[in-house]
1. Indicate the helices, whole DSSP H runs only, in the chain that combine a mean Kyte-Doolittle hydropathy of -1.0 or more with a Cα extent along their long axis of 27 angstrom or more.
2. Taking amide hydrogens as modeled 1.01 Å from N in the peptide plane, which residues meet the under 5 Å criterion relative to Gly21, leaving out close sequence neighbours?
3. Let me know the Kirkwood hydrodynamic radius for the range 1-157, please, with Cα pairs as the basis and the value in Å to one decimal.
4. Label points 7 Å out from Cα along the Cβ direction at Glu208 and Asn291: separation in nm?
5. Using alpha carbon centroids, what distance separates the range 139-192 and the range 226-293, in Å?
6. Roll a 1.4 Å probe over the protein chains and send me the accessible area per residue for the chain in Å².
7. Express the carbon and sulfur contribution to the solvent-accessible surface of the range 73-172 as a percent, rounded to the nearest whole number, probe 1.4 angstrom.
8. Nearest 20 debye, what's the magnitude of the dipole of the range 19-68 about its Cα centre given +1 on Lys and Arg Cβ and -1 on Asp and Glu Cβ?
Amino acid sequence: MCGNALYFENSVCLSCGTGLGYSRDEADIVPVDGYGRYVDAAGLIWHVCRNLNLSGCTWLARFPGGQCSACDLTRVRPNDADAKGLSQFPVAERAKRWLLVDLDRLGFPVVGKGEDATYGLCFDLLSSVAENVTIGHADGVITMDLAESDDAYRVRVQEQLGEPYRTMLGHFRHEVGHYMEWRLVEGTDRIAEARRLFGDETADYQAEIDRHYSQGPPANWWERYISTYATMHPYEDFAETWAHFLHMTDTVETAHIYGLARTGGIQDSPSFRAFVTDTWIPLSTALNMVNRSMGKADLYPFVIPDPVLDKLDFIASLRPGS
Ligand SMILES: [Zn+2]
Ligand SMILES: [Zn+2]
């Protein structure tokens with residue numbers, strides 16, 4: 001490798017032509033030889049994932065001709081006859097891999113349904129060419145509508161719903177929040193604290209959604225919630241806040257790598273509250289202004305009220321070993 005800045009999603013160094021792969025174990029982009037192989041520090045041989053051409057997967061697989069641990073988590077993909085779905089599939093896979101790096105970096109273990117059929121995680125990345133798809137999470141299965149990879153479609157939905165932010169990565173971060181609440185909060189001794197912060201999650205889900213769509217968000221919702229979507233139900237408040245936890249930690253990490261933030265991770269801050277107020281808010285304000293300088297919408301079009309800091313603190317405290 002030539003030392004040129006390596007981007008996470010490149011399979012080849014654009015400067016010197018060396019083949020690249022992502023080693024999840026080493027959390028690094030590494031060079032692969034002419035046969036698509038990489039030998040790690042322990043002497044194990046890794047291979048370019050077989051889905052490189054199908055989904056643009058840049059991760060390394062344990063066996064030749066095999067697929068990587070990220071691809072293992074995809075349970076359903078568009079069928080081979082669905083050209084449109086297949087063209088949208090790589091966008092979702094890229095967001096999914098990004099999400100997995102977020103979780104790895106923060107220390108949240110990810111167990112697939114292949115290992116734990118009941119409590120493991122998997123993804124159904126569904127084409128909505130021939131059927132309606134509803135984005136959601138249930139019992140460890142995250143369902144994604146591949147139409148969301150189409151910018152024109154997604155922006156239209158965003159405008160219909162009046163949302164300030166809508167991305168494929170944001171969907172993955174939100175939905176895995178539902179999974180994490182199910183695994184790390186429900187049925188544990190943390191549930192009482194979660195109810196105090198987010199409300200009673202046993203509230204009738206459909207009734208609350210119906211209320212939201214007939215009456216809209218409560219008055220002065222911005223004093224207690226990160227978004228109007230978060231006001232719908234305690235589950236949605238948790239998932240929305242969780243998504244922001246990942247937005248913040250990942251964006252600060254990236255900014256730090258490029259010299260734009262003084263600290264990199266939450267481990268450098270005395271608390272998550274301090275991380276948000278001392279690092280995230282100055283950084284996101286600056287990045288909003290950078291975007292405005294390019295005539296673009298704000299990078300982070302949200303305001304964080306004090307009660308949301310408490311919710312974020314709770315979510316950060318769910319990290320193993322924190
Ligand atoms: Zn893969
Ligand atoms: Zn949700």
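1. Both cut-offs are met by 83-106, 234-257.
2. Counting only residues 5 or more places away or on other chains, the set is Val30, Val32.
3. Result for the range 1-157, one decimal place: 16.7 Å.
4. 2.7 nm
5. Centre-to-centre distance over Cα atoms comes out at 17 Å.
6. Accessible area per residue, the chain: 49 Å².
7. C and S fraction of accessible area: 50 percent.
8. Here the size comes out at about 220 debye.
The values are calculated or read from the model by the stated rules, or taken from the named source; none is laboratory data. Everything numeric here is computed off the predicted structure, so don't read it as measured data. Cβ coordinates were reconstructed from backbone atoms using ideal geometry, including for glycine residues, and neighbour counts include every protein chain displayed. To get the accessible areas, we keep the full protein, side chains included, count just its heavy atoms, and leave off ligands, DNA and RNA. Shrake-Rupley method; radii C 1.70, N 1.55, O 1.52, S 1.80 Å.
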